[in-house]
Structures are given as C-alpha cells and as structure tokens.
Amino acid sequence: MTPSIIAIDGPVASGKTSIGGRLADELGYLFFDTGVMYRAVTYLALRYLGSAQDAAAVAELAARAHIDVRAPTVADGRDSTVVAVVAAPDGVTPVEEDITWAIRGGEVEGSVSLVAAIGAVRQTLTEQMRRVGRRGRVVMVGRDVGTVILPEADLKVFLTASVETRAQRRYEEILARGEDRNYKDILTNLRERDRIDTSRAIAPLRAAADAVTLDTSDLSIDEVLAAIHDLVAVR
Ligand code: DC
C-alpha cells in the first residue's frame, strides 16, 4: 500500500523542499514544509518584538499567531503563499499579512535557529503540524518530522549533502531571486545553523532509527526523486 504519511528530514539546503514538493505533486498529496512555521514566528518576533532574544515573549507570540500556508495567490515564482495573522491583545481586528518572501530574507535566516531552539515554541508548532499530518496523504519536510512530529510516519527519508554543496545550492537560489549575498557568508551561516540545529536540547536534527538516509551531494533532483519513488513502491 502506498505510504500515507511521508516524512523527509535533513539539514539546510539538503533538497528537502524541492524534492518534497515534487513528490507531493506526483502523489497528489499535501506538501507541508514545517520550516515555514519557524520562519514565520521568527519574522513576527523581529517585527513585533524587535528581536528574537526574549524566549518567553517569542513563545507567547507563537501561541497568539495564526500561520496559514495556502495555494499561491501571486504568480511571482512562489510555491505557496504564507500568511500570518496575529490576534491583537486589545481585541482590535487582527491584521493579515503576506509574509511569503519576508520569511526567506537574511534577517530571518540569522535568527531562525534561535527561535527553533525555544521549547515552548516547538511545543505550540509541533501540535499544529501533527494535526495536519495525521490527516494523512501528506509529505511533510523538516528536521524532526520522523523523530518527534510524526514518529508513526509510514516512510521516513533523511536527506544529507556536504556543507559546501548545500551552501552552493542556497547561493544559486538567492542569486536567481535577484538578491545579493556572498557565498562565504552563506557557508558561515549554514555551518552555524547546522551546529545549532544538531546540538539543541529539544528535538535536535538527526535521522530516525528507521529512516532511510540518502546523500544527495552527487545526485540530481530527478535521481533523488526516483530513489524515493522506489522506496514508496516497496512499502
Ligand atoms: O528548513 P528551513 O531552513 O526552512 O528551516 C528553518 C529553521 O527551522 C531551521 O533553523 C531549522 C528549524 N526547523 C526545525 O527546527 N524543525 C522543523 N521541523 C523544521 C525547521
């Protein structure tokens, strides 16, 4: 039987999003990129709190925020539209904001690992992700989908690639969007995010014991997809 819940985990720029998105398309499943949720909370913290330093305030903001991922509303290269609604504490009608591109910027990248290390934020977001995942027919990608969010997933894939390959991919993605960042900064930022993601106390990045690990350094997207389709077929 085709697996209903497919978990894909891996470090920054290991190919999770491109591969997970296409796999979901091909299977007719929902694609859920869990990193978007952490990015959205980080963006809101920078916007409304000025920084992501105060863990308790960020956790409180995460609990009040409603983050929604919808089909693309603008044809500008996005694969989904990410919207944030923050319930105003004073009861005034909450404002809805399209944060699709803002969550991909350098400022968010610089603070997102910090936010993802806050236990109370993880708890709030993990519960929301689980609710979506348990409906099934879903490809969910992130860092702890197979280990924490949905340990009952029918198929778990862990994607890896060398840090240089991943930095190069991220660099090309950013250039293609017309933004200007240098490769060395991206490599440094990526190493730091790897360090924080793998060493944090709660839900650190690691492969589940029953995950299949694929090193994508020398593989094209099509080759990785073919390998995952083989795994889907034998489940
Ligand atoms: O995959 P990404 O680069 O969009 O993830 C952004 C950040 O969120 C990254 O620092 C790791 C964190 N994250 C996480 O801790 N758990 C997840 N399930 C997904 C992302």
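Every number in this text was worked out from the coordinates using simple rules, so none of it is lab data. Quantities reported herein were computed from a predicted structural model and do not represent experimental measurements. Every residue, glycine as well, gets a Cβ built from its backbone with ideal geometry; the counts of neighbours run over all protein chains shown.
If you wrap the Cα atoms of segment 81-189 in a convex hull and average its projected area over all directions, you get 9.3 nm².
For the chain, the equivalent ellipsoid built from the Cα gyration tensor has semi-axes of 27, 21, 18 Å, listed from largest to smallest. Projected onto planes of every orientation and averaged, the convex hull of the alpha-carbon atoms in segment 120-184 covers 6.4 nm². Backbone geometry of segment 164-170 corresponds, through the Karplus equation with coefficients 6.51, -1.76 and 1.60 at θ = phi - 60°, to 3J(HN,Hα) couplings of 5, 4, 5, 5, 5, 4, 4 Hz, x marking Gly and Pro.
So what's the projected area for segment 126-234, the Cα convex hull averaged over all directions, in nm²? Display every interim value, and only then the final one.
Working: hull surface 33.0 nm².
If I average the Cα hull's projected area over directions, I get 8.2 nm².
When the GluC sites (Glu not before Pro) in segment 153-202 are filtered for DSSP coil states and for at most 14 other beta-carbon atoms within 10 Å of their beta-carbon, the remaining sites are 179. Note on segment 174-229: percent of Cα-Cα distances in each 5 Å bin, starting at 0 and stopping at the bin with the largest distance, equals 4, 14, 12, 15, 22, 19, 11, 2, 0. Ordering 151-162, 34-45, 54-65 by mean Cβ neighbour count within 10 Å, with the highest value first, yields 34-45, 151-162, 54-65.
Only bridges whose two residues both fall in the chain count here: according to DSSP, what percent of them are antiparallel, nearest 5? Could the numbers behind the result be given before it?
On the way: 10 of 27 bridges.
For the chain, the DSSP antiparallel bridge percentage is about 35.
Restricting the calculation to Cα atoms, every distinct pair contributes to the Kirkwood radius of segment 28-108, found to be 13.4 Å.
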